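The values are calculated or read from the model by the stated rules, or taken from the named source; none is laboratory data. Remember, it's a predicted structure, so these values are computed and weren't measured experimentally. No Cβ is skipped: glycine too gets one built from the backbone with ideal geometry, and neighbour counts run over all protein chains shown.
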Amino acid sequence: MRVSVIGTGYLGAVHAACMAEIGHEVLGVDADPEKVAGLADGRAPFYEPGFDELLSRMVRSGRLRFGTSLAEAAESGDIHFICVGTPQMPDTGAADMSLVDSVIDELAPQLRRGCLVVGKSTVPVGTAERLRARIAELAPVGVAADLAWNPEFLSEGTAIKDTLQPDRLVVGTATAMADAVLRMVYAPILVSGTPYVSTDLHTAELVKVSANAMLATKISFINAIADICDAVDADVVTLAEAIGLDSRIGPSSLAAGLGFGGGCLSKDIRALKARAEELGVIDSLNFLREIDELNIRRRRRTVDVARTLVDGSFADRNVAVLGVAFKPNTDDVRDSPALSVAVRIRHEGATVRVHDPEAASNARELFPDLDYATEPEKACEGADVVLHLTEWAQYQAIDPAYLASVVRQPRIVDARNVLPLDRWRSAGWTIRGLGRAAS
Ligand code: NAD
């Protein structure tokens, strides 16, 4: 099928390449001409494992092209996936719908042939119904241009696998025809038995934000328990393993530590709260404020723990930070808890030297006054304390005995609770986790 993907950021670029991989003719459209030029050349605009190879292979195959023209998309596409951003509004926390709205307002008047517009961006419930009416009003082809919502659940770091072998596909439609078209689009994925949840527009929109609210709640829950563990010298890692073995609970999203960040979870729970307020059901969703605050407090808590290791003050201290991406296997630093910790400590007077295998240049663009090192050991040279903030596998492979020889003081905060405490302690380190026994 002829597919266009509008908005080729972290979600759209991967979606476009994966649609080409399963056999469609794909045109990726983005408003950023520089990004488009790079993609058309087979150069990924961000780090995602396996994406460079997939992108260049699909571009070479001729099934994947990129451009900036919505007119070209409207003319050639049977399916138009909308993948532009829905960032947080600074004042209300609601989702800023201006990018999605402007794409629809520009695309719809150019729709002269029957097609299906498919929203993938994460949006407040009610958006799809509103946009479907808008397309019917603006499109020359009228109701032959339909709209469906197909929320995306991929995680950065595993985006290709999550797209080609998702846990499930969720599709909200208003007509049987739209549902049939999406079953055709995804046929090569469905053939391997991927669950396909077919529902109405409102439910599909809500599935996405509810899933993110559930993940955020689980993470903040275990972080709340980490604080109790800290108060009594219990170990939250063992505790999480034990409760995760309960099949009713499951082990995922129970890693206590510095908490969540990135371009999705925080903004999505704030947007859900804002929408609940508009719908008059905020009493039922108020707990999300506490989930959000608990998560933000993890950043302060990490700074506090680190400060105790440098005798109460960061002034004139050297602090090494390992990891600034919001999680491993991405270069995304949007709302990164690690970067937030690094910047707070810098503001308290420390010299902060940062390492990240992929996210350093994105971080440097936002915070040029942090120091950036090309190797973890360089970041740690002469450090009074080391902060392990993003759990890249390479940090877990560091030899603590060697690292002890480059720092000024062998003191480390493992804010992701993944380093083996005994190994680091026997190499002479004072190591503190979050919710792990201090002694
Ligand atoms: P992003 O900012 O990386 O990408 C958005 C892209 O849209 C950018 O390249 C931007 O230039 C482009 N764009 C903006 N206006 C445009 C226009 N008028 N025409 C064409 N292109 C335009 O954002 P993202 O992380 O890819 O997220 C996009 C949406 O997907 C959001 O709603 C997000 O919540 C949702 N989502 C993201 C992820 C993820 O892991 N990143 C996962 C699931 C859902």
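In region 58-92, of all residues being polar (S, T, N, Q) and free of Cβ contacts under 8 Å to residues at least 60 places away in the same chain, the one that is nearest to the ligand (Cβ to nearest atom) corresponds to THR68. Could you say whether any residue in region 282-299 is among the aromatic types (Phe, Trp, Tyr) and surrounded by fewer than 22 Cβ atoms within 10 Å (Cβ to Cβ)? For region 282-299, residues among the aromatic types (Phe, Trp, Tyr) and surrounded by fewer than 22 Cβ atoms within 10 Å (Cβ to Cβ): present. Name the residue that is farthest from ARG289 (Cα to Cα), counting only residues in region 93-128 that are near the ligand (Cβ under 10 Å from one of its atoms), among the β-branched types (Val, Ile, Thr) and in contact (Cβ under 8 Å) with a residue 60 or more places away in the chain. Looking at the filtered set, the residue picked out is VAL103. The residue of region 367-405 that is farthest from the chain's Cα centre (by Cα), among those that are aliphatic (A, V, I, L, M) and under 14 Å from ARG353 (Cα atoms), is ALA383.
Reported count of residues in region 1-12, each being more than 8 Å from the ligand (Cβ to nearest atom) and not basic (Lys, Arg), is 4. From the list ALA306, ALA274, ALA242, the one residue that fits, being within 16 Å of the ligand (Cβ to nearest atom), assigned to a helix (DSSP H, G or I) and either out of contact with any Asp or Glu (no Cβ under 8 Å at 6 or more places or on another chain) or not assigned by TED's automatic domain parsing to the domain that holds PHE326 (or both), is ALA274. Only one of the listed residues (ALA379, ALA383) is in contact (Cβ under 8 Å) with a residue 24 or more places away in the chain, part of a helix (DSSP H, G or I), touching a strand residue (DSSP E or B) at 6+ places or on another chain (Cβ under 8 Å) and under 14 Å from ASN318 (Cα atoms). That residue is ALA379. Only residues that are near the ligand (Cβ under 10 Å from one of its atoms) and either over 15 Å from ARG60 (Cα atoms) or of a type outside the set (A, V, I, L, M) (or both) were counted in region 13-40, giving 12.
When LEU419, LEU366, LEU434 are checked against the criterion of being of a type outside the set (Lys, Arg), modelled with pLDDT of 95 or more and touching a His at 6+ places or on another chain (Cβ under 8 Å), LEU419 stands alone in meeting it. In region 242-268, the residues that are under 22 Å from ASP331 (Cα atoms) reach residues that are away from the ligand (no atom under 16 Å from the Cβ) and of a type in the set (Ser, Thr, Tyr) with C-beta atoms within less than 6 angstrom, at least six apart or across chains, in these pairs: LEU258/THR302.
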